[in-house]
Every structure is written in C-alpha cells, then in structure tokens.
Amino acid sequence: MMTLPDQKPPKDTHAYVLTKSNIDNTIETKHVHQFNENAIRHTVSLSDIVGLTKFGLHLVRVEAGDETTTHHYHEESDEFIYVLSGELSLRYGDAHYSLSAGDFVGFPAHGAPHSMRNDSDTDATYLMGGSRPPIDMTLYPEINCKMYNIHGKKEYVDLEDLGEV
C-alpha cells in the first residue's frame, strides 16, 4: 500500500504497524545497481510498505563479496545506515572504515562520496534510511556521471556531455 503525494493517508493505524513476523515474511527485492553489476542488495522497503513518502527506510542484506552501490553522494538527500549484523567495509571520501553490528554512519547531502562492500564470508544486514526530496541529483565521481531523480523518474548524463547555459 503506497500513498501518492496528493492522497491523504488512511485513518486505520493498523496499516502502519509491521510486526517482526510481517517483516520476516516479506519477500526481499533484489536490486542490482544500474551502474555496477557487483552491487547487489536484497531489500525490504519498510517505509514503502506502510506508505511513507517523505522518508525512506529499508532493511538491506548484502551477501559475501557483494558491493552496495557505486561510489556516490547525493546533492539533496541525507542518508544513513545502521549495521544490524555482519561486517561491511566502508569507503567514505578518501577514508576506509570497518563496520560491524551497532555501527551508525550518516551521509549528509553534498557530503563525501561513499560506498560499501561485504568482504566477509557471511551476509551483512543494515538499516538504510534517508530523506526523499522530490528532486535529487546523485554524483558518481569515479564514472563521471550524474543521475537526476525528478519526482520518481530517473535519468542520467555523462558529465562530459553537460554544458553551461
């Protein structure tokens, strides 16, 4: 159940409650990053299930050896992760960090590029959340690309093709 921005949310509060059993029985969605075939996340989009539109919260599982994304940052969206289990290698700007259960990382809009990889031999799980501005740009500095997300429609451009007006 997803509410569109111009719809009013239902008054039945039951629609907003997910029990552990509900979550455990929700089938994960496999996401392969559009610019990185090695970035594979298995996700339950908790916020989408209950119809949140301004904020995203996702339960993510990354298998051993997989990456989470292409090194990037958002120009309008704040993001965060909270590690629930396993280990992840975080590359954040020029620094490298080892993350494990209980670790939290914030990624502010216009911050340093970031990406993660599961270098262990077991799955890692984390909560990933962030704001959902109606218009956002994501910069991928290593592949020289910018992606535009305008009201849910995504388009990208190679930075060498951009010109000033």
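The values are calculated or read from the model by the stated rules, or taken from the named source; none is laboratory data. Values in this document were obtained by computation on a predicted structure and should not be read as measured data. Glycine gets a Cβ as well: all are built from the backbone with ideal geometry, and neighbour counts include every protein chain shown. Calculation scope for accessible area: heavy atoms of the full protein, side chains included, ligands and nucleic acids excluded. Shrake-Rupley method; radii C 1.70, N 1.55, O 1.52, S 1.80 Å.
For the pair the stretch 40-60 / the stretch 84-102, the C-alpha centres are spaced 21 Å from each other. Here the accessible area is traced with a 1.4 Å probe on the protein chains. For the chain, carbon and sulfur cover 53 percent of it.
The local environment of ASN38, defined by Cβ-Cβ distances under 10 Å, has a net charge of -2 under the rule Lys, Arg +1 and Asp, Glu -1. Set against the labelled values (i) -0.37, -0.45; (ii) -0.61, -0.67; (iii) -0.41, -0.49, log10 I(q)/I(0) by the Debye sum over Cα atoms at q = 0.10, 0.11 Å⁻¹ computed from this structure falls on (iii).
Using a simple spin-label model with pseudo-atoms 7 Å out from Cα toward Cβ, ASP24 and ALA101 lie 1.6 nm apart. Taking a Cβ cut-off of under 10 Å around GLY56, the surrounding Lys, Arg, Asp and Glu residues balance to a net charge of 0, with basic ones at +1 and acidic ones at -1.
With protein chains left intact and a 1.4 Å probe, residues in the stretch 1-124 average 59 Å² of accessible area per residue.
Would you please name the GluC sites (Glu not before Pro) within the stretch 58-104 that are DSSP coil residues with at most 16 other C-beta atoms within 10 Å of their C-beta? For GluC sites (Glu not before Pro) across the stretch 58-104 that sit outside H, G, I, E and B with at most 16 neighbouring Cβ atoms in 10 Å, the list reads GLU63, GLU75, GLU76. Simple spin-label estimate for ASP12 and ALA109 gives 3.5 nm between the two label positions (7 Å along the Cα-to-Cβ direction from each Cα). Taking other residues whose beta carbon is less than 9 angstrom from the beta carbon of PHE107, and scoring Lys, Arg as +1 and Asp, Glu as -1, yields -2. Along the stretch 44-55 the Karplus relation, 6.51 cos²θ - 1.76 cosθ + 1.60 evaluated at θ = phi - 60°, assigns HN-Hα couplings of 10, 8, 4, 5, 5, 4, 9, x, 6, 10, 9, 9 Hz to successive residues, with x for each Gly and Pro.
Kindly flag which residue pairs out of LYS54/LYS154; LYS20/LYS153; LYS11/LYS154 have an alpha-carbon separation exceeding 24 Å in this structure. Long pairs (Cα-Cα over 24 Å): LYS20/LYS153; LYS11/LYS154.
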